[in-house]
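*Asks:* Just passing along the structure, written as structure tokens.
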Amino acid sequence: QVQLVESGGGSVQAGGSLRLSCATSGYTYSSYCMGWFRQAPGKEREGVAVIGSDGRTTYADSVKGRFTISRDNAKNTLYLQIDSLKPEDTAMYYCAAGPLAVCSARYSLRAQAFYSYWGQGTQVTVSS
């Protein structure tokens, strides 16, 4: 049984910071491509950032320079450090796990069907 549990979301003012966590269990965490996705009301779910077992990362243009994805393999935990929050960052944030090869592909942020496991999500709300 693979389980991913997000935490760390909340309500903050624009310009603030949050650190999201995704605790994983039930599989070999280090063998998966891990990613963060988000979905805002009225919008499609979009890829935010992904990270491979080698630490290589890919970011969406909208978050580049403000978001940092990282992973602690010893703790089986994925993180997303969010700085300089904007109201448009308001969304439900999900972590997901997929085949390791996905992280090195050009479509790593778009091919959501390749990610086999998803968490329940954590809400991030940014007020202006």
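The values are calculated or read from the model by the stated rules, or taken from the named source; none is laboratory data. All values derive from a computational prediction rather than experimental measurement. All Cβ positions, even for glycine, are placed from backbone atoms using ideal geometry, and neighbour counts span all protein chains on display. These accessible areas exclude ligands, DNA and RNA; they are computed on the full protein's heavy atoms, side chains included. Shrake-Rupley method; radii C 1.70, N 1.55, O 1.52, S 1.80 Å.
Conditions tested, residue by residue: (1) acidic (D, E); (2) part of a strand (DSSP E or B); (3) open to solvent by 10 Å² or more (accessible area, probe 1.4 Å); (4) under 12 Å from T24 (Cβ atoms).
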position: V63; (1), (2), (3), (4): no, no, no, no
position: T68; (1), (2), (3), (4): no, yes, yes, no
position: R71; (1), (2), (3), (4): no, yes, yes, yes
position: L78; (1), (2), (3), (4): no, yes, no, yes
position: Q81; (1), (2), (3), (4): no, yes, yes, no
position: E88; (1), (2), (3), (4): yes, no, yes, no
position: M92; (1), (2), (3), (4): no, yes, yes, no
position: A97; (1), (2), (3), (4): no, yes, no, yes
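*Asks:* Just one of (1) under 24 Å from S127 (Cβ atoms); (2) loosely packed, with under 13 Cβ neighbours inside 10 Å; (3) within 15 Å of the chain's Cα centre (by Cα) trips up S11, so point out which.
*Replies:* (3)
*Asks:* Then there's this: Do we have any residue at all in the stretch 65-73 that's under 19 Å from G9 (Cα atoms) and aliphatic (A, V, I, L, M)?
*Replies:* Yes, that holds for at least one residue.
*Asks:* Taking the criterion of being surrounded by fewer than 17 Cβ atoms within 10 Å (Cβ to Cβ), more than 22 Å from G10 (Cα to Cα) and touching a Phe, Trp or Tyr at 6+ places or on another chain (Cβ under 8 Å), would at least one residue in the stretch 27-46 satisfy it?
*Replies:* Looking for residues that are surrounded by fewer than 17 Cβ atoms within 10 Å (Cβ to Cβ), more than 22 Å from G10 (Cα to Cα) and touching a Phe, Trp or Tyr at 6+ places or on another chain (Cβ under 8 Å), one finds at least one in the stretch 27-46, hence yes.
*Asks:* Considering only residues that are of a type in the set (G, A, S) and over 22 Å from A74 (Cα atoms), which ones fall in the stretch 4-59?
*Replies:* Within the stretch 4-59, G9, G10, S11, A14, G15, G16, S17, A40, G42, G47 meet the criteria.
*Asks:* If a residue must be assigned to a strand (DSSP E or B) and open to solvent by 60 Å² or more (accessible area, probe 1.4 Å), how many such residues does the stretch 109-128 contain?
*Replies:* Matching residues across the stretch 109-128 total 3.
*Asks:* Of the numbered conditions (1) in a strand (DSSP E or B); (2) modelled with pLDDT under 95; (3) over 22 Å from Q1 (Cα atoms); (4) not aromatic (F, W, Y), R106 satisfies every one except a single condition; which is it?
*Replies:* (1)
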